[in-house]
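What follows draws every value from the coordinates through simple rules; no lab data is involved. Quantities reported herein were computed from a predicted structural model and do not represent experimental measurements. Note that each Cβ is placed from the backbone with ideal geometry, even for glycine, and that neighbours are counted across all protein chains shown.
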Amino acid sequence: MLVFTGIVSILCLLLAGIFTGALNSGDRNRANWHSETKGNRKVRTGMAVTFSLIAIPNIIGAIIAYFLFA
């Protein structure tokens, strides 16, 4: 259970970072900001928030499982 929740939380945080553009350089973020529409930006930000909200309970579950079973 610990491995599953840990993998899900890391994967969701990685996807949230990709969707927010946190893993891009500053030049790439500036180019993306000017080339995308407001609607696309809103969808991308919503996906990042969704993945973050999925990751948070999984991180908490992994921490609880670690202290209970390890």
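Observations, loosely collected:
- Some residue of region 1-18 being of a type in the set (Phe, Trp, Tyr), at negative phi, under 8 Å from the mean Cα position of the chain (by Cα) and surrounded by 11 or more Cβ atoms within 10 Å (Cβ to Cβ): no
- Among the residues making up region 20-47, those that are part of a helix (DSSP H, G or I) and among the small types (Gly, Ala, Ser) are GLY26, ALA31, SER35, GLY39, GLY46.
- Members of region 28-51 found to be among the hydrophobic types (A, V, I, L, M, F, W, C) and within 20 Å of LEU13 (Cα to Cα), listed by number: VAL43, MET47, ALA48, VAL49, PHE51
- The one condition from (1) assigned to a helix (DSSP H, G or I); (2) free of Cβ contacts under 8 Å to residues at least 40 places away in the same chain that ALA62 does not meet is (2).
- SER52, sole failed condition from (1) free of Cβ contacts under 8 Å to residues at least 40 places away in the same chain; (2) assigned to a helix (DSSP H, G or I): (1)
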